[in-house]
Amino acid sequence: MDIKEYQKRCDRTVKEFENEKEKILTWGLGIAGEAGDVAGCIKKTYIHNNDQKDGIRENMGDVLWYIAVICNYFNWDMEDLFEENIKKLEKRYPNGFKYEDAQRMGKRIDWNEK
């Protein structure tokens with residue numbers, strides 16, 4: 001399945017809401033919740049030796065669903081979103097990830113500074 005088809009098919013499973021604010025808040029909070037579930041499954045798998053790899057995969061799919069419906073809400077094409085993200089990363093890390101480049105991207109914080 002291509003990205004456009006996925007994005008279109010996600011719309012078929014969207015709940016009806018009473019207002020626009022409720023939609024976007026539900027979906028935005030949904031991403032946060034599912035991302036937390038991904039993190040929890042990773043922790044259980046690698047810290048507690050309780051294999052939750054299937055849970056990681058399932059919850060990542062749920063994150064993708066929320067991304068797709070938010071893109072649909074704003075009339076954004078997910079392919080464009082992916083492309084824009086890759087261009088940003090290629091500009092930021094033209095020779096692949098380097099720790100030194102990452103440090104330059106943000107201001108260093110001196111916690112001892114007053």
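Determine, yes or no, whether Gly28 is loosely packed, with under 15 Cβ neighbours inside 10 Å and touching a residue at least 24 places away in the same chain (Cβ under 8 Å).
Values: loosely packed, with under 15 Cβ neighbours inside 10 Å: yes; touching a residue at least 24 places away in the same chain (Cβ under 8 Å): yes.
Yes, satisfied.
Collect the residues in the range 1-53 that are in contact with a helix residue (DSSP H, G or I) (Cβ under 7 Å, 6 or more places away or on another chain) and of a type in the set (Phe, Trp, Tyr), keeping them in residue-number order.
Once the filter is applied, which keeps residues that are in contact with a helix residue (DSSP H, G or I) (Cβ under 7 Å, 6 or more places away or on another chain) and of a type in the set (Phe, Trp, Tyr), the range 1-53 yields Tyr6, Phe17, Trp27.
For every residue, the table says whether it meets (1) β-branched (Val, Ile, Thr); (2) in a helix (DSSP H, G or I); (3) within 14 Å of the chain's Cα centre (by Cα).
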site	(1), (2), (3)
Asp51	no, no, no
Asn59	no, yes, yes
Ile67	yes, yes, yes
Trp76	no, no, no
Leu89	no, yes, no
Asp101	no, yes, no
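Would you mention how many residues in the range 61-83 are under 23 Å from Lys15 (Cα atoms) and in contact (Cβ under 8 Å) with a residue 24 or more places away in the chain?
Number satisfying all stated conditions: 14.
List the residue pairs whose Cβ atoms are under 8 Å apart, where the first residue sits in the range 36-54 and is closer than 24 Å to Tyr66 by Cβ and in the same structural domain as Leu64 (by TED's automatic domain parsing), the second is surrounded by 12 or more Cβ atoms within 10 Å (Cβ to Cβ) and β-branched (Val, Ile, Thr), and the two are 6 or more positions apart or on different chains.
Val38/Ile56; Val38/Val63; Cys41/Ile56; Ile42/Ile56; Thr45/Ile56; Gln52/Ile42; Gln52/Thr45; Lys53/Thr45
Does Asn19 satisfy being more than 16 Å from the chain's Cα centre (by Cα), farther than 22 Å from Met1 by Cα and not acidic (Asp, Glu)?
yes
Got a number for residues in the range 4-35 being farther than 14 Å from Ile70 by Cα and aliphatic (A, V, I, L, M)?
1
The values are calculated or read from the model by the stated rules, or taken from the named source; none is laboratory data. It should be emphasised that the depicted structure is a prediction, and the values quoted were computed from it without experimental measurement. We place every Cβ from the backbone using ideal geometry, glycine too, and count neighbours over all the protein chains shown.
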